[in-house]
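Undergrad: Dumping the structure here so I can ask a few things about it.
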Amino acid sequence: LEPTRSYQVEGTISAQYVTYKLVVRDPEGINNAVVGLGGTYHGSQATGRSPGDQYVQQQGAVIFQLILNDRDLQAGVPARSHLVLPKRYGEPTKYKNWYIWRIENVWLCARPWGDKVSLQPLSRKYKDYQAMVAEGRKTAWVTDVARVADVGDFESLKQALDKTLIDDSEWESQGRLSYLSLAGDRIVMTYQQNGAIGDAVVNGEKRILKNWPVLESPYTKQELYSGLLEVDDPKLGKWQLRGKLMGPEWE
């Protein structure tokens, strides 16, 4: 996260080309699937992302917004945001306002907002990837993931999605989106039109960045300033990697 909107186009270019990234492990361990969500994809911004990207994540659920202000437009920031994923997973299945892919043993569900939403190929340089693109000065996404082992087949997933709840009644006027996720978490995000970090409330608790973990997922966790990376893999078991002066040590 950047504290302010950055329009720098020179200097060190960040390799983080998207604001949110999901990696789904290939069962064969050969070709993991990488899914990215963000505004500019491989653009000229030195931060590696659009200046106005704002998001909040709780477990597998994400709310992302990009609402361009006048300075963004003057700087040439594209009026679009992208959900990028490998082309080998094909076109999504549509259910109500959700676009759904099965990626290995995971269901990926995406609900976009924009003037126009379409599935588009990327450039020849990234010919193995495709993008669901939301176009417009105001775009937003809710994405959620669930393991097939936990949710079941597509019909079961539809029933689970029917229990989620999206409230976008204040999005046009205030940039506020609310989502009750597949995991049962309630996430509320309010976009900051001229800022870089949106206001977020998760399960009734306001997000305070100094308490926000460095990593938090079903398999990995690292609290801020803890120096301890915890890994809990269903097959490999539990591991801890602690940072020390002489180098990291496994525990």
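The values are calculated or read from the model by the stated rules, or taken from the named source; none is laboratory data. Quick caveat, the model's predicted, so the values are computed rather than measured. Cβ coordinates were reconstructed from backbone atoms using ideal geometry, including for glycine residues, and neighbour counts include every protein chain displayed.
Undergrad: For the subset of segment 99-149 comprising residues that are touching a helix residue (DSSP H, G or I) at 6+ places or on another chain (Cβ under 9 Å) and farther than 30 Å from residue 28 by Cα, which member is surrounded by the most Cβ atoms within 10 Å (Cβ to Cβ)?
TA: 140
Undergrad: Quick one: which residue in 177, 182, 224 is modelled with pLDDT under 95 and not assigned by TED's automatic domain parsing to the domain that holds residue 25?
TA: 224
Undergrad: In segment 122-145, how many are of a type outside the set (S, T, N, Q) and either over 28 Å from residue 67 (Cβ atoms) or without any contact (Cβ under 8 Å) to a residue 24 or more places away in the chain (or both)?
TA: So the first thing to find is which residues in segment 122-145 are of a type outside the set (S, T, N, Q), and the list is 122, 124-129, 131-138, 140-142, 144-145.
Narrowing further to those that are either over 28 Å from residue 67 (Cβ atoms) or without any contact (Cβ under 8 Å) to a residue 24 or more places away in the chain (or both): 124-125, 127-128.
Residues meeting the conditions: 4.
Undergrad: While we're on this one: Among the residues of segment 148-164, is any of a type outside the set (A, V, I, L, M, F, W, C) and under 20 Å from residue 81 (Cα atoms)?
TA: No, every residue in segment 148-164 fails to be of a type outside the set (A, V, I, L, M, F, W, C) and under 20 Å from residue 81 (Cα atoms).
Undergrad: Follow-up. Is at least one residue of segment 102-120 basic (Lys, Arg) and more than 23 Å from residue 200 (Cα to Cα)?
TA: Yes, segment 102-120 contains at least one residue that is basic (Lys, Arg) and more than 23 Å from residue 200 (Cα to Cα).
Undergrad: Taking the residues in segment 59-98 that are outside any loop (DSSP other than H, G, I, E, B) and of a type in the set (Gly, Ala, Ser) as candidates, determine which candidate is surrounded by the fewest Cβ atoms within 10 Å (Cβ to Cβ).
TA: Within segment 59-98, the first condition is being outside any loop (DSSP other than H, G, I, E, B), and the residues that meet it are 61-67, 70-74, 80-89, 93-95, 98.
Narrowing further to those that are of a type in the set (Gly, Ala, Ser): 61, 81.
Details: 61: 24, 81: 31.
Looking at the filtered set, the residue picked out is 61.
Undergrad: Which strands (runs of 3 or more DSSP E) does segment 129-240 wholly contain that include 1 or more residues that are of a type in the set (Lys, Arg)?
TA: 138-147, 176-180, 186-190, 220-222
Undergrad: What's the total number of residues in segment 146-194 that are among the acidic types (Asp, Glu) and touching a Ser or Thr at 6+ places or on another chain (Cβ under 6 Å)?
TA: 1
Undergrad: Can you find, within segment 48-101, the residue that is modelled with the highest pLDDT among those that are more than 28 Å from residue 164 (Cβ to Cβ) and among the charged types (D, E, K, R)?
TA: For segment 48-101, the residue satisfying everything is 70.
Undergrad: Condition check: surrounded by fewer than 15 Cβ atoms within 10 Å (Cβ to Cβ) and among the aliphatic types (A, V, I, L, M). Does residue 180 satisfy that?
TA: no
Undergrad: Then there's this: For the list (1) at pLDDT below 95; (2) over 15 Å from residue 59 (Cα atoms); (3) surrounded by 15 or more Cβ atoms within 10 Å (Cβ to Cβ), I need the number of the one condition that residue 210 fails.
TA: Checking residue 210 against (1) at pLDDT below 95; (2) over 15 Å from residue 59 (Cα atoms); (3) surrounded by 15 or more Cβ atoms within 10 Å (Cβ to Cβ), the one that fails is (3).
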